[in-house]
Each structure stands twice: as C-alpha cells, then as structure tokens.
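Q: Questions regarding the structure given below will be posed in turn.
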Amino acid sequence: MAEIKNVILWVWVLQTSLCIFGTASACNLSPFSKGLPENGFLWNCSHENLDYIPEIPATHKSDVIAVDLSYNKFRMIQGKTFTNLTFRVKFMFLNNNDIKTVQANAFRTIPALLELDISSCSLETGSLQYGCFSNLDVLRSLQIYNNSFHSYPDGEISKLESLLNLTIDIFPGFHFSEKFLKLKILRSVKFIPHGLFSLTNDSFQGLRNSPIHYLDLNLYNNIENFCKGLPEDLFCSFPHLQGLSVSFGVSCGIKRVLRTLRCLQHKHLDYFISSDNHDLNSYNAILLNETDVEYLRNMCIRKLILRNNDISGIEFKLPLEKLQICLEVVDLSSNNILFSSSHRLWLTLMLFTPNIRVIKICCQNTQSSRDVSWRHSLSAGYNRHHETRRKQKDAFKIILPKTLENLDISNADRISTTETDIFIQATQLKFLNVSGTEFPIPYSITLDFPLLTDLDVSYTETYADNLSLQKLVSLESLKAIKSGVITVTDHHVREGILHGLHNLNYIDVSDNHIVYLPPLFFASQKNSNITIIIDRNEFGSSVPKALSILNSIDILSIRDCFESYSFGDVILESLLNLHASTLYLGTYRVGCYCYRKDTFLMVRKIRKKIADLDKITCDDFNGGPKNLQELFSTKQWRTFRLQCGVDDFWLTFSVVLLISTIIVILVAFIVYRIVSHNMMKNCGGKIRAVGSNEWTRHRGNKYAPLHTEENDIPEQDNTDTEVTVFSNKMTDGTKTNFEETDSEAKTQTSSDTV
C-alpha cells in the first residue's frame, strides 16, 4: 500500500514538473515583480504558435500576475480567451499577434489589469469593438503602436480614464480629437512616427487637459516639406510641460525648432533637448541671432542641450534674462562653433551664469587652424608675448562661477588669448576635460581647483613654460596622453608636475615619447594605491627608477616602452621587483634559452600578475615561437625544464670531461718528465762507468785490452779523469787531435798519480 502511494506521489510530482518547466504545455513559469510590492510569477507562452492560453498548474495559478502571449497566433480577443486566468493578473502582453477583432468586454475576467500591450497586432480602427476596454478601470499603461490605424479609435481609448502612460502612432492625417480630453490624468505620451506628416497647431489639441509633464517629440525625417508651415504655437496643447525633447533630423534646422516655443515662455522646464537638427536647404553658417532666442530667453530652463545642430556661432546680446539665471547645465557639443572668433562672448556667458554647474562645448567639427599634431614649435610671436608678460605685474585672473562642477571643452578648437600669465580658479569644479584643445599661452598657467577629482588634458597643446597643478589637492585621476601638459620640448617631463597630488590614484601619460622620468617624479604618490599607464614611451633598456619608490601599484601598464633587443633578464627582473599587483608589458619577442631558466622560473611564480603574457612571444622553443603563457603551462613547462636538465647534464659532463682530460694530460706530462730525467741520469752514470773500465786510455796504448783484468788497470780518480768516447771511424785530422788530447790526458794522469 505504501508503495502505491509513493508511485502516485511521483506521478503527481512529474506532472507538476512537466507543466512548470514547459515540457507538457510549452509554457513556463518565472518570477515576476516589475516594481509591485508583492511578488508573483510570469506565465510565459511567447513564440509557441498558440491561439489559446494553456492551463496553469493549480499550485501556482493564484500566484500568476503576468501573462506573455506575444508572437503567437491569436486572431480574436474575447471574454473566454482569459477564462484560465485569475483576477490577480495585472500584466498582459499580446503584442505581435495578428489580431483582427477585440470584442466587447474582452477583459472582464481580468479587471485588475495595470498594463496592456497590443502593439504590432495589425489593428485597424474598426478592430476595437464598442466596449472592448470595459472593466479596465485601473489600467495605467497602454501600448497600442505599430498598428494600421488611419484614425484613432478615440471612442474606446478615451474610456480609459485611469490611463497614465500611452504609447501610440502618429501617421499622415493624425489628430487627437476632443474625446481625448477625458484623459485627465494622462501624464506621459510617447509617439511612434510612421510616414510623412504635417504638424499643425491643433494636431495635439485633444491632449490639452492631460497633465503631460515630459514630452518626447523626436520625429526624425518625418516632417513634410522640411518644416514649412511649422506653427509657432505647436506646444500650446501641452500647458503642463516640465521637460521637452524635440528633434526633427534633416526635416528642419535648429533655428526653426526654436521658433516653436512661443507658448512655453515664462514656464519652468527641467530640460529642453533639441539635438540632431539639420537644415539641408541652407548652406550658410548657422548663427543664432536675436530672433532665434526671442522665446528661449524668456524660459526658465535648468538643462539646455543643443548638440549636433550645425551651430557656428552666436550673435545675440547678453544677458539672456530668465534663461541665464536658471541655467545649470549647458551642452553645445558636436557643433561647428569657432570659439576663437567670439571667445569673449562665450566667456561672458559662462562667467555670468550664476547657477551654472555643467558646461560642455566639446567636439566641435569646424576646420580651424588647430594642428592635428600634438607637437609644437614656438612661433615667432612667442618672444613678443614673452616680453609683454615681463612688463605685467599680476596674472590675468579668471574666476569661474562657484556653482560650476563640470566643464568639458574638449576638441573645442583653438582657445587663444593675448594674455601670457593666466590664473584660473573654480572652487567647486570636480570634472575638467580639455583634451584635444590648444591653449597657446606662452608663459604661465596656474590652476586653482581645490575640489577637482578628474582632469583630462590628453592631446592638449600649450606653450606655457610654467604650469602648476599643485593646487589640485583633491585630484584622483589624470589623463595626459600625448599632452604638452606633461612634457615640454625634447620629450622631457615637467619634473614637479605631480608634486603635492597625494590623492592621485590614476595617471595615464602614454604616447609622450618620454625618455627619462626623474627619480622623484612619483614622490607624492609613494603611499597611494595607484594605477599607472605609461605605454608607448621610449625608456630604452632600463626601467625608470621613479617606479621603484612606489609602495603599492595596483596596475602598471608599461607596454611597448623598451627596445626589443634589450627586453630581457634585466628588465624583467626590474619589473618583477616593483610593488605592482598587475602588470601589462606589451608585445615583445624573447629567446627562451636554458641559460635564462632562473629568470623564467621567477616569472612563472608570479605569472598571474602579468596580464598579457600571451603577448610576449617565446622564440627557439620546440622549433618555433610560442608565447610565455603557453610556455608556463604545465606540460610545456615540464618539457622545457626537462630539456634544460638534459642540456645542463651534457654541459656539466662536457666540462668535467674536459677538466679531467686536462688533469690527466698534465699528470702524464709531469710523470713523463720525471721518468725522463731519471733515465737520463742513469744513462749518464753508465757511460761514465764504461769509460773508466773499458775505454780508459793508457799511455802508449790507444785502447786498453778488452780482457784486461780490473786489478791490472791502475786506479784513477773518477772525478778527475775525463773520459771521451770516440768513434772508430775518425778522420786523420780528428785522430791527430785525439792523440794530442790523449797525450795531454796521460800527462795529467801521471801528474795526478805522482
């Protein structure tokens, strides 16, 4: 009996699992909340070619709050479509179905619905039957775009009086009728444009009762006749606006857009964004004049963004009244502004905007006199400016607004001035980007930004002899790639440029052709956990000693800074002795020979801190180049060590054999000399003995008889007797001499005997 119960239990578990994981019903359950206080499940049946809703497992049916039926084959939505669901369902996704009809009271079984998506369903105006949205009294969001409407089903949509968010098409001939006036709490509308259409002053009249606070009207390239007839009171239908983003692409330029703001005068907007507007019918420079800013100057806008609008300059008068008082953020990036032609006007706009926090005027596309190359050669006018500076007593001071926190003037053309000694102060500035901008100030620049944390001076050219950053006491990040701020002529760095920057934890001075770093260059960062990027400089064959004083380097990137032929044991050991957690060394080729195995052994022990080992190729290993990462793998390293062990054995054996051979040869030679000496000594004694016993000459006898007894020979003193052996074959002359000598010898012997 117990076994039967267990079988039944397993069958039930299996059935439940099949339902949950979609094997049986092709749908699956997953957690879902979407900002709701209670958690629930999503019954996901998307992409299953369904025209009905599969049964939800009973154990989770009451917990399902969202149903996804997108990309299926539903053609009609009616009351019985949702009979498998409970009243707790709050989200319904029916998008991308080919729905022809939505019947009356179709959603009566799910009245708690908060969001309904019926976009991309080929709906037409007649597809929504009368009363189709009945019972949806709490619906907050409706997405009904990408359908086939030629006029809005305003009768049914207007019944959704609880609606807060609406995403809907605008198409040729669109018009929001008076029926939309019932949507009195609608606060957000997103328009999806289709085709070419015109905008008139009554296009949005039906939305004037809706408290729409933020409007996004980005209608790129969809306006007929390039905005001809665009009304100035276009936005009168949005009396509650707090933020506006409008862009028309190549349909019309920024000058035409600014003339549509008449009804927004004296209003307070969090932002006004109008970017990417281009007038293809005008080939003249876009200069904003008094007519263009007539309405804009009377608006209180906190954030003004006019990016990429082909603006070349400004010709209006300052101040800008209410606008200038309210401005906190100004972004004029990616235009064609030539600041050198009206720098005083721009400077006045920045300095006398009391609440300004962010200024971005980067990336101007204008063709100017700014040289692309970062290298500079001092012009002939330098001496003139230098002499002028000598006559001045005080530096020219620029005090930026106290509220300014972010200043971006990167790639902003050449910013020049006749002043030679500049002092700039910004007490609240935290971010400064001047990369790619030229500052031809020939003598001195002093920056006083006590709260600045990020500074980017990459690709910046300046002629200043004296440049001080010591007052940037809060600086944490410095980017100076190819920068005249770090280096002066002949690729020498400014020695004290980093002194006093104790909070600096990131510095990038790549591509500056630095050949030498002073030993105390990083003295103020000695105890900082710092990231240093010094790629593509020219340190030759040694690691800069300036790096050795740092106690904690988080990341050191020193790629492609050494000559290839010099990258070897000395450089590797110097780098590995630094207190760096991560190293980037770049692309090099090293010879993986056995005599360097000790260095490689050390490198392998700390290989995890070298992040680009695979970039260092290893020559002469197993007949072809491999990188160090492959070399240090277990198999390759074992092979390398074994090969080096064999080589070491044969080398040692050869050396020992050579030494042994030399020793043996030396010993043999010494023995030979000793034996030879003894043999010569012995042979000499025998010759003397023979001479005294057998060849001693007696007076009157040429030779002594061969059989003369020893006792018959007179005793002679061997030490005084000279015995000479001659050959039997002697010439007559030699014999005569011998006889004379023999006669003398006999005479001497006789005298000795006496």
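The values are calculated or read from the model by the stated rules, or taken from the named source; none is laboratory data. Predicted model, so just to flag it, every value in this text is computed and none were measured. Because the Cβ atoms are built from the backbone with ideal geometry, glycine has one as well, and the counts that use them run over all protein chains shown. To get the accessible areas, we keep the full protein, side chains included, count just its heavy atoms, and leave off ligands, DNA and RNA. Shrake-Rupley method; radii C 1.70, N 1.55, O 1.52, S 1.80 Å.
Q: Mind listing the phi-derived Karplus ³J(HN,Hα) values for segment 105-113, rounded to whole Hz, using 6.51, -1.76 and 1.60 with θ = phi - 60°, and x for any glycine or proline?
A: After applying 6.51 cos²θ - 1.76 cosθ + 1.60, I find 6, 5, 10, 5, 7, 10, x, 8, 4 Hz.
Q: Can you list the residues, at least 5 places off or on another chain, whose amide H is less than 5 Å from the amide H of Asp465, using H built in the peptide plane?
A: Close amide H contacts, sequence-distant or interchain: Tyr443, Ser444.
Q: Roughly speaking, to the nearest percent, how much of segment 494-579's 1.4 Å accessible area is carbon and sulfur?
A: 49
Q: What is the gain in length, in nm to one decimal, between Glu224 and Arg589 on full extension, counting 0.36 nm per residue of separation less the C-alpha to C-alpha distance? Before the final figure, lay out the partial values.
A: Numbers: separation 365, 0.36 × 365 = 131.40 nm, distance 6.26 nm.
Gain on extension, Glu224 to Arg589, equals 125.1 nm.
Q: Okay, next question. Give the separation of the Cα centroids, segment 502-519 to segment 274-296, in Å.
A: Taking the Cα centre of each part, segment 502-519 and segment 274-296 sit 44 Å apart.
Q: Let me ask you something else. Over its Cα atoms, what ratio of radius of gyration to 2.2 N^0.38 Å does segment 73-193 give?
A: Its radius of gyration relative to the 2.2 N^0.38 Å reference: 0.98.
Q: Using θ = phi - 60° and the Karplus curve 6.51 cos²θ - 1.76 cosθ + 1.60, what whole-Hz ³J(HN,Hα) does each residue of segment 64-78 get, with Gly and Pro shown as x?
A: Result, rounded to whole Hz: 6, 10, 9, 10, 10, 10, 5, 6, 10, 10, 6, 10, 9, 10, 9.
Q: In segment 70-168, carbon and sulfur make up what percent of the accessible area (probe 1.4 Å)? Intermediate results must be reported in sequence, preceding the final value.
A: On the way: 1730 of 3840 Å².
Exposed carbon and sulfur together represent 45 percent of the surface.
Q: Per q in 0.18 Å⁻¹, report the Debye log10 I(q)/I(0) for segment 131-286, using one uniform scatterer on each alpha carbon and no solvent.
A: Result of the Debye calculation: -1.12.
Q: What per residue convex hull volume, in Å³, do the alpha-carbon atoms of segment 202-354 yield?
A: Convex hull volume per residue, Cα atoms: 99 Å³.
Q: Between Ala104 and Asn201, what's the calculated FRET efficiency when r is the beta-carbon distance and R0 is 51 Å? Round to 0.05.
A: The value I calculate is 0.90.
Q: Moving on. Separation between the Asp454 and Val656 pseudo-spin-labels, each 7 Å from Cα along Cα→Cβ, expressed in nm?
A: Roughly 6.6 nm, to one decimal.
Q: Could you pull out the pairs from Lys179/Lys322; Lys303/Lys471; Lys430/Lys482; Lys430/Lys526 whose alpha carbons sit more than 28 Å apart here?
A: Where the Cα-Cα span goes over 28 Å, the pairs concerned are Lys179/Lys322; Lys303/Lys471.
Q: Right, here's the next one. Any idea what the relative contact order of segment 433-526 is, in percent, if you count C-alpha pairs under 8 Å spaced at least 6 apart?
A: Once normalised by length, the contact order is 25 percent.
Q: Continuing with the same structure: Give me the accessible area per residue for segment 124-263, probe 1.4 Å, as a whole number in Å².
A: Each residue of segment 124-263 exposes 40 Å² on average to a 1.4 Å probe.
Q: Moving to a separate point now. For segment 499-610, with every protein chain kept in place, what is the accessible area per residue (1.4 Å probe, Å²)? Present the calculation step by step, with values, prior to reporting the outcome.
A: Details: 5000 Å² over 112 residues.
Here the per-residue accessible area is 45 Å².
Q: Measuring from centroid to centroid over Cα atoms, what is the spacing of segment 448-463 and segment 244-268 in Å?
A: 35
Q: With θ taken as phi - 60° and the coefficients 6.51, -1.76 and 1.60, list the Karplus ³J(HN,Hα) couplings across segment 673-680 in order, rounded to whole Hz; mark glycine and proline as x.
A: 5, 5, 4, 4, 5, 5, 5, 5
Q: If you roll a 1.4 angstrom probe over the protein chains with everything in place, what fraction of the accessible area of segment 431-480 belongs to carbon and sulfur, to the nearest %?
A: 49
Q: Let me ask something else about it. Please work out the Kirkwood hydrodynamic radius for segment 495-634, using every pair of different C-alpha atoms, and report it in angstroms with one decimal place.
A: Result for segment 495-634 stands at 15.6 Å.
Q: Sticking with this structure for a sec: What do you get for chymotrypsin sites (Phe, Trp or Tyr not before Pro) in segment 60-166 restricted to DSSP loop and a cutoff of at most 13 other Cβ within 10 Å of the site's Cβ?
A: Phe87, Tyr130
Q: Sorting check: for 583-590, 403-410, which peptide has the highest mean count of neighbouring beta carbons within 10 Å, and how do the rest follow? Show your work: numbers first, answer last.
A: On the way: 583-590: 18.4, 403-410: 20.6.
Going from most to least packed, we get 403-410, 583-590.
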